[in-house]
Amino acid sequence: MEDFQKKFDIIGKSRVIKDLIDITMQIAKSDISVLIYGESGVGKEIFAQAIHGYSNREKKNLVSVNCGAIPEGILESELFGHKKGSFTGAVEDRKGYFEIANGGTLFLDEIAEMPLTTQVKLLRILETKDFMRLGSENITKVDVRIIAATNKDLQKEVDAKRFRHDLYFRLKAVTLFVPPLRERKEDIPLLVDKFLKEYAERNKIQTLDIDTSAMEYILKYSWPGNIRELKNTIETACALTRDGMLSEEILKNLITIKQEEAPLNLPVHLNRSTETLDREMIYYALIELKKDLVELKDIIKESKEGDKNIDINHVEPLEKMEKEAIVKALDITKGNKKSAANLLEISERTLYRKIKNYGII
Ligand SMILES: Nc1ncnc2c1ncn2[C@@H]1O[C@H](COP(=O)(O)OP(=O)(O)O)[C@@H](O)[C@H]1O
Ligand SMILES: [Mg+2]
């Protein structure tokens, strides 16, 4: 296990990480699909790399695709490739990631963001091991192992009909959960050490040190952005340090600054990564836009209905209007024909005749 950790640069001595590495080593050699869960920055990609690197596919490609970052319209052509002329801009035949990853592994990051139509195609590939490039009728065979990752609860996405149930079942054959850093704080000193060394190597300087109070402060913080945030923080702290020793003061500034940077005027949940907050902000903006759209639609609908009531080209038949006037008059006078005739300014006899003609009871 130590060799494995060393080879793939996975730092950690906590029980949870050790257990996770254990399972990873066990399942790496098979071709089974793997679903990796975990918050942003916990190391999902590092585990995907380890699975591929420890498998028999190691010599072939590991292709990483972030399903959330590629625009919907482009994702399918990126994944499956396309034939020349299959859409505007397809100026030549192009291999998709599936073909590039043939014999190897395809890492589908942020799988929850994959559009439903693409999910159908992915499921087909998983079942038949073949597919067609966009615009092509030739079937291409591929042998690709799928590793998918997400920070969303896929069961919830399935319940909300945003994710296909059958695909979910296919993907979750093996599920790995990479725990957030705050739940394995005993790994923090090791990680800090590693990041300090890396910084020194990269900048060709002597490795910096960290004092006890600074380390205590780091251990107290909840690291919403997980290892990625820790790594960035240590690097910035190194750059700001003058005397070769990372102090509590430097760190306090860095970590507090990050929290103050969170957007104002919006519900701010500390404990969440800035990435999540950014995404939420976009989400809120979209919801607001959608509300505006619905309102606009209502306004248009109302005005259309209004138009109908004052349609200047519409004329009611005279007979209909007469009948309606009689019914109304009888209604008002509670059936008293004499009063009704008065209201209508006709004789009582004429009223009787019209009642009979129109069949008004
Ligand atoms: N156990 C670990 N040991 C060392 N570095 C790690 C570990 N886990 C994550 N990292 C580093 O943290 C950063 C974020 O990891 P990544 O795998 O991209 O996270 P995720 O895909 O979950 O967002 C990367 O730079 C990665 O190398
Ligand atoms: Mg990632």
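Apart from one condition, Ala28 fits all of (1) farther than 23 Å from Asn151 by Cα; (2) free of Cβ contacts under 8 Å to residues at least 40 places away in the same chain; the exception is (1).
Within the group Asp93, Asp166, which residue is surrounded by fewer than 21 Cβ atoms within 10 Å (Cβ to Cβ) and over 22 Å from the mean Cα position of the chain (by Cα)?
Asp93
Of everything in segment 74-99, what is on the phi > 0 side of the Ramachandran plot and free of Cβ contacts under 8 Å to residues at least 12 places away in the same chain? Give them in sequence order. Listed by number, the list holds a single entry, Gly89.
So that you can scan it fast, the table gives a plain yes or no per residue for (1) within 16 Å of ligand 2 (Cβ to nearest atom); (2) more than 22 Å from Ile111 (Cα to Cα); (3) among the aliphatic types (A, V, I, L, M):
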position	(1), (2), (3)
Glu39	yes, no, no
Gly43	yes, no, no
Ala48	yes, no, yes
Tyr54	no, yes, no
Asn61	no, no, no
Ala69	yes, no, yes
Gly73	no, no, no
Glu78	no, no, no
Ser86	no, yes, no
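The helices (runs of 4 or more DSSP H) falling completely within segment 1-82 that include 1 or more residues that are in contact with a Leu (Cβ under 8 Å, 6 or more places away or on another chain), within 15 Å of ligand 1 (Cβ to nearest atom) and among the aliphatic types (A, V, I, L, M) map to 15-28, 44-53.
Any idea which residue in segment 122-139 is farthest from ligand 2 (Cβ to nearest atom), counting only those that are within 23 Å of His52 (Cα to Cα) and crowded, with 18+ Cβ neighbours inside 10 Å? Break it down into steps so the answer makes sense when it comes.
Pass one, segment 122-139, residues within 23 Å of His52 (Cα to Cα): 122-131.
Subset that is crowded, with 18+ Cβ neighbours inside 10 Å: 122, 125, 131.
On the way: Leu122: 19, Ile125: 23, Phe131: 25 Å.
For segment 122-139, the residue satisfying everything is Phe131.
The criterion of at least 1 residues that are touching a Cys at 6+ places or on another chain (Cβ under 9 Å) is met by the following helices (runs of 4 or more DSSP H) wholly inside segment 88-191: 116-128.
Let's see how each residue does on (1) more than 30 Å from Pro189 (Cβ to Cβ); (2) modelled with pLDDT of 95 or more; (3) buried (at least 17 other Cβ atoms within 10 Å of the Cβ):
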site: Ile11; (1), (2), (3): no, yes, yes
site: Ile17; (1), (2), (3): no, yes, yes
site: Gly53; (1), (2), (3): no, yes, no
site: Glu72; (1), (2), (3): yes, no, no
site: Phe80; (1), (2), (3): yes, no, yes
site: Thr117; (1), (2), (3): yes, no, no
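The values are calculated or read from the model by the stated rules, or taken from the named source; none is laboratory data. Since the model is a prediction, treat every value here as computed from it, not as a measurement. All Cβ positions, glycine included, derive from the backbone under ideal geometry; neighbour counts span all protein chains shown.
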